[in-house]
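The structure under discussion appears below in the form of structure tokens.
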Amino acid sequence: MIFFPNWAYFNIYAMSSWTRTIVIPLSIFYAYKPVRKLPDRLGIKELFVSDEANGKKARRWLTWHNFFTLTDKAIKYLEPPQQNVAGNRWQRWFWHARRQLREKAVRHAAAWLLEHFEDSDGVGAIFPPMIYTVIVLRCLGYSDDSPEMRYAMKQLDDLKIEEGDTLRLQPCLSPVWDTTLTMNALADAILDEGSAVEDHATILHALERATRWLLEKEVRRRGDWSVMNPRLEPGGWFFEYRNGFYPDTDDTAMALMALAKTERARYRSYALEPSAFRQQPVAAAAERALRWLLAMQNDDGGWAAFDRNINREVLTKIPFADHNAMLDPSCPDITARVLEALGHYGFDARHPQVQNAIRFLERTQDRDGCWTGRWGVNYIYGAWQVLQGFKQIGYDMHSPVVRRAVRWLKSVQQPNGGWGESCRSYDDPEWKGRGETTASQTAWALLGLVAAGEANSPEVQAGIDYLLRTQEPDGRWREEPFTGTGFPKVFYLKYHMYPLYFPLMALARYERAVRGTVLPKTLAKVG
């Protein structure tokens, strides 16, 4: 598999980036097949059910799933024996050639893995490939005190959270994401001269420090994305502290917005003319990121997270694609966020690439008027982001597409004035827009409605009242449900700052829309 050329229909760069970083280490220790025998008392046989309990097998024979399953069985049948065995000359030659090819493939895959240690908080900077890396290094004979093993173990240690006598492991860290969202929220709070926030200077100082930190995180090296885009200059931002091989469009778009808003807040505070490209090196970083972002648009008009055109549906039928995320297709929430970022730099609905993105969003609107949220839970997240993206690029906010979305958001508002949606909505559409009310999802709904020109509606006023009523004395909001998405139906994330910067963002934009009707102390306290 590691030797398949990049032009082949199936190759490692036809997979999503996260699948790639998992499959390559998995394939290495599959070649070694390390085994640890456990006593029965430490086994998990109670988790397995009988074949009868799994129900009848599908009657259809000609399916891609069956094809890949049979291919998998054939590959296992041709697996080289662990030891030399008797056989005729051709069998011995075949097994010898097979073993040599396997050894060469393992060396090639191991070199790929070791290369991805560079400029990274672990391979892919996320837990699954990081733990597999440790097993692979053991298989390859690295000692516990080798630099490679010490590096791999340190990345795992950095994910630990110790609280009293408990230990938890985070799946990853999100400093760039949290920083850019915080910058957007703080900048929103002070963009207008009539803002209710009193200490502009302190916030502006924090924004300038965050800008310097963010510029240091800009990607200036080629990563996996460049294999299919060899002429594209590096640019953009990743999600973690270090993940140079994997900048993503979502963080890049959010960083571009943060830089643009911070610059506008800075020039307004210093009574200068606003300009998104006034200050170097902000201008150069933004220009590089914009070029990179535009070049990452998919052929269908949308944007995915890490790569272009990773959309070959047949690959989802491969048996090891059990996490249902083999691909990285275009999704409405990221596409709309890119549009929002482009709008801050002068792009509008007349631009050809923006027009293609608009058509993608119009095609993917749910029949109820909402959009799915790939990276946030779920339809509320998608609807908010699309409405905000439309507004920023000058889309007609009175169009039927927008009005359907507005009606849907209003229809799922809860009696307490807030909004909430359960992760179950990914499994069961009946849960669309339903679930325990949360501050972050209430803020998303409000942001979408305000963007659609509904700031003076009773639904928005009720949502604002909900946020004001549920704010804690220290300025925070309490939120227990998980509202972030890793892999739909499989893996969800809890961002502890979501119930802080999103409500601040919603209150600030509402204040700007209705000219200062939010209580001054509320915004000052949050800020």
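Is it the case, given these coordinates, that K160 is under 30 Å from R221 (Cα atoms) and under 32 Å from the mean Cα position of the chain (by Cα)? Steps first, answer last, please.
Values: under 30 Å from R221 (Cα atoms): yes; under 32 Å from the mean Cα position of the chain (by Cα): yes.
Considered against the rule, which asks whether it is under 30 Å from R221 (Cα atoms) and under 32 Å from the mean Cα position of the chain (by Cα), K160 comes out as yes.
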Can we say L169 is among the hydrophobic types (A, V, I, L, M, F, W, C), surrounded by fewer than 19 Cβ atoms within 10 Å (Cβ to Cβ) and touching a helix residue (DSSP H, G or I) at 6+ places or on another chain (Cβ under 8 Å)? yes
Which of the residues belonging to region 209-247 are surrounded by 14 or more Cβ atoms within 10 Å (Cβ to Cβ) and farther than 30 Å from D299 by Cβ? A210, T211, L214, L215, Y241, R242
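Inside region 286-394, counting only helices (runs of 4 or more DSSP H) that do not spill past its ends, which hold 3 or more residues that are surrounded by fewer than 19 Cβ atoms within 10 Å (Cβ to Cβ)? Before you say what the answer is, go through the steps one by one.
Working: elements: 332-343, 352-363, 379-392.
Where helices (runs of 4 or more DSSP H) fall fully within region 286-394 and carry at least 3 residues being surrounded by fewer than 19 Cβ atoms within 10 Å (Cβ to Cβ), they are 352-363.
Kindly establish whether L78 is modelled with pLDDT of 70 or more and loosely packed, with under 12 Cβ neighbours inside 10 Å.
On the way: modelled with pLDDT of 70 or more: yes; loosely packed, with under 12 Cβ neighbours inside 10 Å: yes.
Answer is yes for this residue.
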So, of the residues in region 10-38 that are assigned to a loop (DSSP other than H, G, I, E, B) and at pLDDT 90 or above, which turns out to be nearest to C331 (Cα to Cα)? S16
Note down all Cβ pairs under 7 Å where the first residue falls in region 405-420 and is on the phi > 0 side of the Ramachandran plot, the second is in a loop (DSSP other than H, G, I, E, B) and surrounded by fewer than 21 Cβ atoms within 10 Å (Cβ to Cβ), and they're at least six residues apart or on different chains. none
What pairs come up if the first residue lies in region 1-14 and is farther than 16 Å from F306 by Cβ and in contact (Cβ under 8 Å) with a residue 12 or more places away in the chain, the second is surrounded by 12 or more Cβ atoms within 10 Å (Cβ to Cβ) and of a type in the set (G, A, S), and their beta carbons are under 8 Å apart, counting only those six or more places apart or on different chains? M1/S27; M1/A105; I2/S27; I2/A105; I2/A109; F3/A105
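Name every residue in region 424-438 that is crowded, with 19+ Cβ neighbours inside 10 Å and either in a helix (DSSP H, G or I) or among the aromatic types (F, W, Y) (or both), in order of residue number. It would help to see each step written out before you state the result.
From region 424-438, those crowded, with 19+ Cβ neighbours inside 10 Å are 425-426, 432-433, 435, 437-438; that's our starting set.
Across region 424-438, the qualifying residues are S425, Y426.
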Considering every residue within region 454-473, establish whether at least one is among the aliphatic types (A, V, I, L, M), over 24 Å from Y395 (Cα atoms) and either part of a loop (DSSP other than H, G, I, E, B) or in contact with a Pro (Cβ under 9 Å, 6 or more places away or on another chain) (or both). yes
Give all pairs with beta carbons closer than 8 Å in which a residue from region 127-138 that is assigned by TED's automatic domain parsing to the domain that holds M153 meets a residue that is of a type in the set (D, E); count only pairs at least 6 apart in sequence or on separate chains. L137/E148
Evaluate region 252-271: report whether one residue or more is at pLDDT below 95, out of contact with any Leu (no Cβ under 7 Å at 6 or more places or on another chain) and not in a helix (DSSP H, G or I). yes
Within region 475-496, residues being surrounded by fewer than 16 Cβ atoms within 10 Å (Cβ to Cβ) and either without any contact (Cβ under 8 Å) to a residue 40 or more places away in the chain or in contact with a strand residue (DSSP E or B) (Cβ under 6 Å, 6 or more places away or on another chain) (or both) number 3
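Can you tell me which of Y132, Y142, Y151 is hydroxyl-bearing (S, T, Y), under 28 Å from the mean Cα position of the chain (by Cα) and surrounded by fewer than 20 Cβ atoms within 10 Å (Cβ to Cβ)?
Details: Y132 fails: surrounded by fewer than 20 Cβ atoms within 10 Å (Cβ to Cβ); Y142 fails: under 28 Å from the mean Cα position of the chain (by Cα).
Matching residue, one of Y132, Y142, Y151: Y151.
Test L523 against the stated conditions and say whether it is at pLDDT 95 or above and in a helix (DSSP H, G or I).
Values: at pLDDT 95 or above: no; in a helix (DSSP H, G or I): yes.
No; evaluated as a whole, the condition is false for this residue.
The values are calculated or read from the model by the stated rules, or taken from the named source; none is laboratory data. Note that the structure is predicted; figures quoted are calculated from it, not measured. Quick reminder, even Gly has a Cβ in these numbers, built from the backbone with ideal geometry, and neighbours come from all protein chains shown.
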